[in-house]
Amino acid sequence: IHADEQAILYCNAIKTASESKLETFWSFFENQYFKEPYSEQRNKYLKALSCVTSKGHIERLLTWTTNDTLDFHDVDRVLLLKYVIANPVGRDIVLKFLDENFSALYKR
């Protein structure tokens with residue numbers, strides 16, 4: 001897969017996955033994100049995860065921004081919020097999450 005097309009392909013895989021395949025794709029991209037040493041590739045995985053249309057998965061993803069036990073990079077916190085708020089399904093979920101967790105995010 002050409003590097004320029006990876007993010008689009010990954011996003012569409014998550015966005016269009018059937019319920020039975022979603023958890024498989026989700027686990028794959030989540031594992032790849034945390035194993036990937038290069039930020040450019042990590043961002044592609046993060047963006048793909050942000051394309052999910054399942055409210056539960058979006059909420060789970062947002063918890064990464066406040067979880068101190070994950071190896072989640074500070075710059076990725078901002079990118080994650082940016083990517084999820086661009087997702088029509090995620091917009092209201094992010095706004096509610098920011099309202100409820102602003103103090104925890106501000107401290108970072």
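Leaving ligands, DNA and RNA out of it, report the carbon-plus-sulfur percent of the accessible area of the chain at a 1.4 Å probe.
Numbers: 3580 of 6660 Å².
Carbon and sulfur together cover 54 percent of it.
Taken per residue, the accessible surface of the chain reaches 62 Å², heavy atoms only and a 1.4 Å probe.
Got the relative contact order for the chain handy, in percent, Cα pairs under 8 Å and 6 or more residues apart?
Relative contact order, the chain: 24 percent.
Counting only Cβ charges, +1 for Lys and Arg and -1 for Asp and Glu, the dipole size of region 20-108 around its Cα centre is about 200 debye. Start at zero, step by 5 Å, and the Cα-Cα distances of region 5-107 spread as 2, 13, 26, 27, 19, 10, 3, 0 percent across the bins. Name the aspartates and glutamates eligible as straight-distance cross-link partners of K15: C-alpha to C-alpha under 15 Å, and not fewer than 8 places from it in the same chain. Correct list for K15: E23, E30. Annotation for region 1-87: trypsin sites (Lys or Arg not before Pro) lying in DSSP loop with at most 12 further Cβ atoms inside 10 Å of their Cβ do not exist.
Placing pseudo-labels 7 Å out from each Cα toward the beta carbon at T69 and K35 gives an inter-label distance of 2.2 nm.
GNM on the chain, alpha-carbon springs under 10 angstrom: the most fluctuating residue among L81, L95, L62 is L95. Which angle from 0 to 90°, rounded to the nearest 10, does the C-alpha axis of helix 91-106 make with the longest principal axis of the chain? It works out to around 50 degrees.
The values are calculated or read from the model by the stated rules, or taken from the named source; none is laboratory data. In this text, all values refer to a predicted model and were calculated from it rather than measured experimentally. No Cβ is skipped: glycine too gets one built from the backbone with ideal geometry, and neighbour counts run over all protein chains shown. The accessibility values were calculated without ligands, DNA or RNA, using every heavy atom of the protein model including side chains. Shrake-Rupley method; radii C 1.70, N 1.55, O 1.52, S 1.80 Å.
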